[in-house]
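S.K.: Could you have a look at this structure, given as structure tokens, before my questions?
The values are calculated or read from the model by the stated rules, or taken from the named source; none is laboratory data. Computed from a predicted structure; not experimentally measured. Don't worry about glycine lacking a Cβ; one is built from the backbone with ideal geometry, like all the others, and counts go over all protein chains shown. Protein only, heavy atoms only, side chains kept; ligands, DNA and RNA dropped before computing areas. Shrake-Rupley method; radii C 1.70, N 1.55, O 1.52, S 1.80 Å.
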Amino acid sequence: MRAWLERYPTLAALLAGIGAATALPPIYFLPGLLGFGLLVAVLRWTERRPLLAFLRGTAFGFGYFLLGIHWVGVAFFVDPEQFGIYAVPAVLMLALILALTVGVGTALLALRRWRRIEALALALAVVWTIAEPLRGALGLQFPWNPVAVVWAISDATLQVVGYAGTYGLSLLTVAAAAWAALLFVG
């Protein structure tokens, strides 16, 4: 697995983002959250190279948001003759704009040399969690896209929101999932 990650890191990041998005409703495939661990594994080799980290973070974000917001294109088919042609470009552009926020965050992470992969995983969780309300302030974050919504699968799993809040639960989720990088780097 490590050799494949080293050979195709940007493709791995894109696929990891798609995988992470499978944890979102209505799929709720919680093992998909391991995509955050794959992203950390890919980012491990980008230290001191912010441009590479930006590219790989953007690829992850593009996959994550493309799957997470693909349904937005359906709205263009209310009047398909007039607006249908815009569905695919609109979804692709929105996913790319949202992905750029992930790319900026991962580029910031690459400015530092991380001695331990666990520290990089925690830093990614913090950066991701800071980006969620920032996307909301820009009008780009949908209320059902924070990572915390993966726990909406049942009332019992949502109880943590009462104590930690949505962004606190997103932080805990991404931190735990990002630690899975230990599985991928050996």
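S.K.: Search the range 1-19 for residues that are more than 14 Å from residue 56 (Cβ to Cβ) and modelled with pLDDT under 95 and pair each with any residue that is not in a helix (DSSP H, G or I) and not β-branched (Val, Ile, Thr) when their beta-carbon atoms are under 6 Å apart and the residues are at least 6 apart or on different chains.
M.R.: 2/186
S.K.: Also: Residue 20 - would you say it is open to solvent by less than 30 Å² (accessible area, probe 1.4 Å), part of a helix (DSSP H, G or I) and either in contact with a His (Cβ under 9 Å, 6 or more places away or on another chain) or closer than 24 Å to residue 108 by Cβ (or both)? I'd like the intermediate steps shown before the answer.
M.R.: Values: open to solvent by less than 30 Å² (accessible area, probe 1.4 Å): yes; part of a helix (DSSP H, G or I): yes; either in contact with a His (Cβ under 9 Å, 6 or more places away or on another chain) or closer than 24 Å to residue 108 by Cβ (or both): yes.
Considered against the rule, which asks whether it is open to solvent by less than 30 Å² (accessible area, probe 1.4 Å), part of a helix (DSSP H, G or I) and either in contact with a His (Cβ under 9 Å, 6 or more places away or on another chain) or closer than 24 Å to residue 108 by Cβ (or both), residue 20 comes out as yes.
S.K.: Looking at the range 56-149, what helices (runs of 4 or more DSSP H) fall wholly within it and have at least 2 residues that are more than 18 Å from residue 167 (Cβ to Cβ) and open to solvent by 50 Å² or more (accessible area, probe 1.4 Å)?
M.R.: Values: elements: 80-83, 87-109, 117-137.
It comes to 80-83, 87-109.
S.K.: Here is a follow-up. Would you say residue 52 is surrounded by fewer than 23 Cβ atoms within 10 Å (Cβ to Cβ), assigned to a helix (DSSP H, G or I), within 14 Å of the chain's Cα centre (by Cα) and of a type outside the set (Phe, Trp, Tyr)? Write out each step before concluding.
M.R.: On the way: surrounded by fewer than 23 Cβ atoms within 10 Å (Cβ to Cβ): yes; assigned to a helix (DSSP H, G or I): yes; within 14 Å of the chain's Cα centre (by Cα): no; of a type outside the set (Phe, Trp, Tyr): yes.
When the stated conditions are applied, residue 52 does not pass them.
S.K.: Yes or no: residue 101 in contact (Cβ under 8 Å) with a residue 12 or more places away in the chain, more than 16 Å from residue 44 (Cα to Cα) and among the hydroxyl-bearing types (Ser, Thr, Tyr)? Give the derivation first.
M.R.: Numbers: in contact (Cβ under 8 Å) with a residue 12 or more places away in the chain: yes; more than 16 Å from residue 44 (Cα to Cα): yes; among the hydroxyl-bearing types (Ser, Thr, Tyr): yes.
Criteria met by residue 101.
S.K.: Still on this model: Considering only the range 52-98, state which residues are in contact (Cβ under 8 Å) with a residue 40 or more places away in the chain and among the charged types (D, E, K, R).
M.R.: 56, the sole residue that qualifies.
S.K.: State whether the residues of the range 154-170 include one that is in contact (Cβ under 8 Å) with a residue 40 or more places away in the chain and open to solvent by 40 Å² or more (accessible area, probe 1.4 Å).
M.R.: Of the range 154-170, the ones in contact (Cβ under 8 Å) with a residue 40 or more places away in the chain are 170.
Those still in the list that are open to solvent by 40 Å² or more (accessible area, probe 1.4 Å) too: none.
Within the range 154-170 (the criterion being in contact (Cβ under 8 Å) with a residue 40 or more places away in the chain and open to solvent by 40 Å² or more (accessible area, probe 1.4 Å)), the answer is no, since none of the residues qualifies.
S.K.: Quick test for you: out of 103, 139, 165, 186, pick the one residue that is at pLDDT 90 or above and on the phi > 0 side of the Ramachandran plot.
M.R.: Of the residues listed, the single one that is at pLDDT 90 or above and on the phi > 0 side of the Ramachandran plot is 165.
S.K.: Given the residues 5, 33, 39, 15, which is the only one that is part of a helix (DSSP H, G or I), open to solvent by less than 80 Å² (accessible area, probe 1.4 Å) and over 15 Å from residue 174 (Cβ atoms)?
M.R.: Details: 33 fails: over 15 Å from residue 174 (Cβ atoms); 39 fails: over 15 Å from residue 174 (Cβ atoms); 15 fails: open to solvent by less than 80 Å² (accessible area, probe 1.4 Å).
Exactly one of 5, 33, 39, 15 is part of a helix (DSSP H, G or I), open to solvent by less than 80 Å² (accessible area, probe 1.4 Å) and over 15 Å from residue 174 (Cβ atoms), namely 5.
S.K.: Going by the conditions given, is residue 3 touching a helix residue (DSSP H, G or I) at 6+ places or on another chain (Cβ under 9 Å) and not acidic (Asp, Glu)? Please lay out each step first, then the result.
M.R.: Details: touching a helix residue (DSSP H, G or I) at 6+ places or on another chain (Cβ under 9 Å): no; not acidic (Asp, Glu): yes.
For residue 3, the condition - touching a helix residue (DSSP H, G or I) at 6+ places or on another chain (Cβ under 9 Å) and not acidic (Asp, Glu) - is not met.
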